[in-house]
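Presented below is the structure to which this report refers.
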Amino acid sequence: MNTLRLVPESRGGQSEIFCGEGAFQEQLPRFLRAHAKRFVFTDSNVSAIYGDLIKRTTGADGLFVMEAGEEHKTERTLFALLSAMAEAGLHRTDCLIAVGGGVVGDVGGLAAALYMRGIACYQVPTTLLAQVDSSVGGKTAIDFHGVKNLVGVFSQAKAVFADPLFLDTLSPREVRCGLGEIVKHGALNGALFDRLFAHQNGLTDLETLKSLVFDNIQFKASVVAQDEKESGVRKSLNLGHTTAHAVELALKTLSHGECVLIGMIFEAKLALLHTECDEGYLNELIALCKAALGGAWKLPSFEETARNALLDKKNTEAGSVVVTAPVKKGKYCLLSLPFETYLNETEQIRRELC
Ligand SMILES: NC(=O)c1ccc[n+]([C@@H]2O[C@H](COP(=O)([O-])OP(=O)(O)OC[C@H]3O[C@@H](n4cnc5c(N)ncnc54)[C@H](O)[C@@H]3O)[C@@H](O)[C@H]2O)c1
Ligand SMILES: [Zn+2]
């Protein structure tokens, strides 16, 4: 069992993180004894597979099951959950346990932060993405007015329990989704990159991925500890994401993780055109992204797609696009490109790739 304590330098809430076999069934119950009532929040898919185990392990006094899927990450689900918590008579000293992927974690974390101005929240991430990324760092949110994560707060979970027992039932697609963020962490951390590169022929192997979860949590936690509210270094976690979000908006058929891998390939190539970088390393990173993506993928002309990048929150000047690009092992830079340049170069890169 690996453990760590996330203590933000800003003195925000602290979070204990448990990663490994036994995190859920052995560690979580120790924390739950401190609460008179334990309320479980999960989604329909997780409940169908793990419902009995969850009830047995948590001794839940109340349960709310949301419909699975990003389209339900809404104020309706949030308020239905808050209603169920009120009906269960939860008090300030009680707790909410969010068992699920990033959607459950984000909505559950927000409900726990709002209910009575904040009750204890325990996160039990059940997807690879949630284990290596979304359950760590205290960002919570719902989608609102058509904008992803528009309404939310920073609120650290009291503890996170990342247990490999949940990962065996993930579809290959969901595995790849987590892999996108794992390779992104590798692009920001040299030691992690070397481990990933050594495994590049078996990147989607679940046992390999399980062995990498704690390193990823440690890396994300170290970034969050330095910059909890994302005013500086936490922004580096947007690496590859300008182009990833642009592709994601244009092509609904690709998952977020697949788009992150594609975004990193494009932005590594943009870095090669615009700034001093380590070409050998960037070619290795591109090979790693391609290995993680698996088979062939095709992208349509970037004429439409590039326009989506103009909506990115990082952009500071009208008419330019900012990307967080990899440059050297463990190093990134912010590139601000006039829109026409971004459009022409990404279209050229696309033609070479597809
Ligand atoms: N808070 C953050 O810092 C942060 C960071 C990254 C992403 N996110 C958010 O995370 C969400 C994406 O997370 P996700 O990819 O986990 O999506 P998700 O929660 O929708 O889960 C993906 C699918 O897997 C199913 N599932 C969950 N656990 C399972 C298991 N063990 N076995 C089988 N199926 C299982 C879910 O029911 C769902 O259908 C997005 O809403 C994104 O905005 C948040
Ligand atoms: Zn992402």
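Want the number for residue 14 to residue 76: 0.36 nm per residue separation, take away the alpha-carbon distance, what's left?
19.4 nm
Order these by the 10 Å Cβ neighbour count, fewest first: 320, 231, 211, 135.
Least to most surrounded, the residues fall as 231, 211, 320, 135.
By how many degrees, 0 to 90 and rounded to 10, does the Cα axis of helix 256-274 deviate from the longest principal axis of the chain?
Taking Cα atoms only, the helix is inclined about 30 degrees.
With the Cα gyration tensor of the stretch 29-180 in hand, convert its eigenvalues to equivalent ellipsoid semi-axes via √(5λ) and list them largest first in whole Å.
For the stretch 29-180, the ellipsoid semi-axes come out as 21, 19, 14 Å.
List, in the order given, every pair from 37/210; 269/313; 229/331; 210/331; 220/252 whose Cα-Cα distance in the structure shown is over 29 Å.
With Cα atoms farther than 29 Å apart: 37/210.
Once both labels are modelled 7 Å past Cα along the beta-carbon direction, what's the residue 344-residue 298 spacing in nm?
Result for the modelled spin labels: 2.8 nm.
Can you tell me which of 117, 92, 307 moves the most in a GNM of the chain? Springs connect C-alpha atoms under 10 Å apart.
117
For residue 171, put the label point 7 Å out on the Cα→Cβ axis and report which residues of the stretch 49-80 keep their amide N under 16 Å from it.
Of the residues in the stretch 49-80, 49, 68-72 have backbone N under 16 Å from the label point off residue 171.
Please give the helix 172-188 orientation as an angle from the longest Cα principal axis of the chain, in degrees from 0 to 90, rounded to the nearest 10.
Taking the Cα atoms of the chain, the angle to 172-188 is about 70 degrees.
Calculated FRET efficiency, residue 208 and residue 255, Cβ-Cβ r, R0 35 Å, to nearest 0.05?
The computed FRET efficiency comes out at 0.95.
Efficiency by 1/(1 + (r/R0)^6): what FRET value for residue 336 and residue 283, r their Cβ-Cβ distance, R0 = 30 Å, to the nearest 0.05?
Between residue 336 and residue 283 the formula returns 0.80.
Mind telling me which of 205, 215, 43 comes out most flexible in a GNM of the chain, alpha-carbon contacts under 10 Å?
Fluctuation is largest for 205.
Could you calculate the FRET efficiency of residue 318 with residue 144 from 1/(1 + (r/R0)^6), where r is the beta carbon distance between them and R0 is 22 Å, rounded to 0.05?
0.35
Pairs of alpha-carbon atoms within less than 8 angstrom and 6+ residues apart define the contacts here; what relative contact order does the chain have, in percent?
15 percent
Angle, helix 241-250 long axis vs. longest principal axis of the chain, Cα atoms, 0 to 90°, nearest 10?
90 degrees
Could you work out the helix-only [θ] at 222 nm for the chain, with each DSSP H run of four or more residues adding -39,500 (n - 2.57) and the total divided by the number of residues, to the nearest 500 deg cm²/dmol?
Theoretical 222 nm ellipticity from helices: -14500 deg cm²/dmol.
Quickly work out the residue 231-to-residue 61 label distance, labels modelled 7 Å from Cα along the C-beta direction, and quote it in nm with one decimal.
About 3.9 nm separates the two model spin labels.
Which of these, 85, 116, 66, has the largest mean-square fluctuation under a Gaussian network model of the chain (Cα springs below 10 Å)?
Judging by the Gaussian network model, the answer is 116.
In square nanometres, what is the average projected area of the Cα convex hull of the chain?
Averaged projected hull area, Cα only: 16.6 nm².
7 Å from Cα along Cα→Cβ at both residue 1 and residue 44: what's the point-to-point distance in nm?
Label at residue 1, label at residue 44, 3.5 nm between them.
Quick note: the coordinates plus some simple rules give every number you see, no bench work behind them. Just so you know, these numbers come straight off a predicted model, no measurement behind them. A quick note on method: Cβ atoms are made from the backbone with ideal geometry, for glycine too, and the neighbour counts reach across all protein chains shown.
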